[in-house]
Amino acid sequence: MARTRLYRDGNLVLEDFPSEDISDYVGDPDAVVWLDLCAPTPEDFAMISEEFGLHELAVEDARHEHQRPKLDRYRTHAFLSTYAVRAEPDGDGLSTSEISVFITANALITVRPDDRLDIEEVVARWDDSPELARYGVGFLLYGLLDLVVDGHFAAVQDLDDRLEQLEDLLFEEGRRQIQEVQRRSFELRKTLVHLRRVVLPMREVVNSLLRRDLHIVAEPMIPYYQDVYDHVLRATEWTESLRDLVGSIMETNLTVQGNRMNMIMKKVTSWAAIIAVPTAITGFYGQNVPYPGFGREWGFLTSTGSMIVISVLLYLGFRKRDWI
């Protein structure tokens with residue numbers, strides 16, 4: 001599947017034309033071409049390599065998934081790798097979609113292994129700012145990065161909301177809640193580690209694009225890229241703080257479990273002390289030797305009364321100290 005667009009002098013003049021016609025427009029200095037390949041074949045890679053003169057290492061990186069977000073510079077073009085992310089709606093996981101971008105003087109080629117990135121949303125952002133289209137490739141790249149970084153920010157915000165829900169479970173009673181907190185804390189920690197690997201390198205990527213010696217971003221587009229860079233920094237800092245918060249939740253959960261165990265041990269010990277009193281008295285009077293009151297009614301009443309009085313006093317004392 002391929003999507004194409006042709007801009008000339010800042011105006012959209014052609015859309016969804018055959019990719020075979022790209023060679024007719026690449027040589028035009030007033031034209032800017034966008035080509036999007038979703039799930040490309042080896043023939044597609046051979047075509048763009050020939051049409052745009054792409055470096056073989058950049059093409060190899062685009063063909064092989066799981067690249068680190070980066071910006072590589074070659075003699076005639078640049079290669080950018082990034083990820084669109086979103087939080088899974090039915091769990092604490094993270095869905096990622098890798099995007100490879102070739103950036104030439106008058107062309108932007110996006111390569112996607114799947115359709116999890118909503119490319120129509122990218123096109124809509126371009127159409128919402130037609131006055132910026134005269135800045136060429138820098139404008140097209142900005143629309144793509146702005147959507148990607150907004151997705152990072154939305155994913156972090158969604159994970160923050162889930163952490164707040166997890167905090168509410170932290171102090172609820174019940175074995176099920178304890179296991180739920182442990183399971184979700186571990187899953188969220190893995191998700192944040194994954195998100196950090198995606199978000200953190202974007203600082204270097206966007207910062208490199210702002211370098212004037214690359215000649216990718218025109219001077220009027222710099223404030224827009226700085227806005228993207230600010231969002232990247234905020235998403236990065238938020239991700240780091242959430243990782244610390246997950247660690248605190250896991251430690252707090254262990255502390256809460258320890259406190260609950262201490263309370264249980266106090267209650268068990270208190271009841272054992274209460275039960276030990278009648279056990280000691282009956283054991284003492286169970287000796288096969290004469291004792292005061294042996295064989296007499298008042299001896300039985302005295303021992304029984306002693307057990308009741310001492311047990312009640314122990315119960316009231318433990319109750320006052322909140323041990324029972």
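Being polar (S, T, N, Q), assigned by TED's automatic domain parsing to the domain that holds TYR224 and in contact (Cβ under 8 Å) with a residue 24 or more places away in the chain, is that true of even one residue in the range 187-197? Yes - at least one qualifying residue is present in the range 187-197. Of everything in the range 275-302 that is at pLDDT 75 or above and closer than 17 Å to LEU314 by Cβ, the residue that is surrounded by the most Cβ atoms within 10 Å (Cβ to Cβ) is VAL277.
If you go through the range 175-220 and keep only what is in a loop (DSSP other than H, G, I, E, B) and touching an Asp or Glu at 6+ places or on another chain (Cβ under 9 Å), you end up with just LEU200.
I'd like the full set of residues that are of a type in the set (D, E, K, R) and on the phi < 0 side of the Ramachandran plot, limited to the range 1-39.
Within the range 1-39, the first condition is being of a type in the set (D, E, K, R), and the residues that meet it are 3, 5, 8-9, 15-16, 20-21, 24, 28, 30, 36.
Hits for the range 1-39 are ARG3, ARG5, ARG8, GLU15, GLU20, ASP21, ASP24, ASP28, ASP30, ASP36.
Scanning the range 201-226 for residues that are farther than 17 Å from THR82 by Cβ, modelled with pLDDT of 90 or more and charged (D, E, K, R) turns up just one, GLU219. Number of residues in the range 6-17 that are crowded, with 18+ Cβ neighbours inside 10 Å and without any contact (Cβ under 8 Å) to a residue 60 or more places away in the chain: the value is 1.
Scanning the range 119-154 for residues that are within 19 Å of GLU98 (Cβ to Cβ) and either free of Cβ contacts under 8 Å to residues at least 12 places away in the same chain or not assigned by TED's automatic domain parsing to the domain that holds GLY93 (or both) turns up just one, GLU120.
Every residue in the range 229-263 that is of a type in the set (A, V, I, L, M), farther than 15 Å from GLU187 by Cα and touching a helix residue (DSSP H, G or I) at 6+ places or on another chain (Cβ under 6 Å), please. Break it down stepwise before answering.
So the first thing to find is which residues in the range 229-263 are of a type in the set (A, V, I, L, M), and the list is 232-233, 235, 242, 245-246, 249-250, 254, 256, 261, 263.
Subsequent filtering for residues that are farther than 15 Å from GLU187 by Cα retains 232-233, 235, 254, 256, 261, 263.
Correct list: VAL232, ALA235.
Of all residues in the range 181-189, at least one satisfies being more than 26 Å from PHE102 (Cβ to Cβ) and among the polar types (S, T, N, Q).
Regarding ALA272, is this residue in a helix (DSSP H, G or I), exposed (fewer than 11 other Cβ atoms within 10 Å of the Cβ) and modelled with pLDDT of 80 or more? So ALA272 fits the description; yes. Of the conditions (1) surrounded by 14 or more Cβ atoms within 10 Å (Cβ to Cβ); (2) out of contact with any strand residue (DSSP E or B) (no Cβ under 8 Å at 6 or more places or on another chain); (3) at pLDDT 85 or above, VAL198 clears all except one; give me its number. Looking at each condition in turn, VAL198 falls short on (2).
In the condition set (1) in contact with a helix residue (DSSP H, G or I) (Cβ under 6 Å, 6 or more places away or on another chain); (2) over 20 Å from ILE216 (Cβ atoms); (3) not acidic (Asp, Glu), LEU71 is compliant with all but (2).
Can you pull out the residues in the range 18-39 that are over 24 Å from GLY138 (Cβ atoms) and in contact (Cβ under 8 Å) with a residue 40 or more places away in the chain? Residue satisfying the conditions is ALA39 alone. Consider the range 18-58 and keep the residues that are exposed (fewer than 12 other Cβ atoms within 10 Å of the Cβ), acidic (Asp, Glu) and within 17 Å of PHE79 (Cβ to Cβ). The one that is modelled with the highest pLDDT is GLU56.
Could you list, in sequence order, all residues of the range 59-94 that are of a type in the set (S, T, N, Q) and surrounded by 12 or more Cβ atoms within 10 Å (Cβ to Cβ)?
Kept after step one, since they are of a type in the set (S, T, N, Q), are these residues of the range 59-94: 67, 76, 81-82.
If the condition is that a residue be of a type in the set (S, T, N, Q) and surrounded by 12 or more Cβ atoms within 10 Å (Cβ to Cβ), then GLN67, SER81, THR82 are the ones that fit.
Here are THR104, THR96: which of them is at negative phi and in contact with a Lys or Arg (Cβ under 9 Å, 6 or more places away or on another chain)?
On the way: THR104 fails: in contact with a Lys or Arg (Cβ under 9 Å, 6 or more places away or on another chain).
One residue alone meets the criteria, THR96.
The values are calculated or read from the model by the stated rules, or taken from the named source; none is laboratory data. The structure displayed is predicted, hence computed values, not measured ones. Cβ: placed from backbone, ideal geometry, glycine included. Neighbour counts: every protein chain shown.
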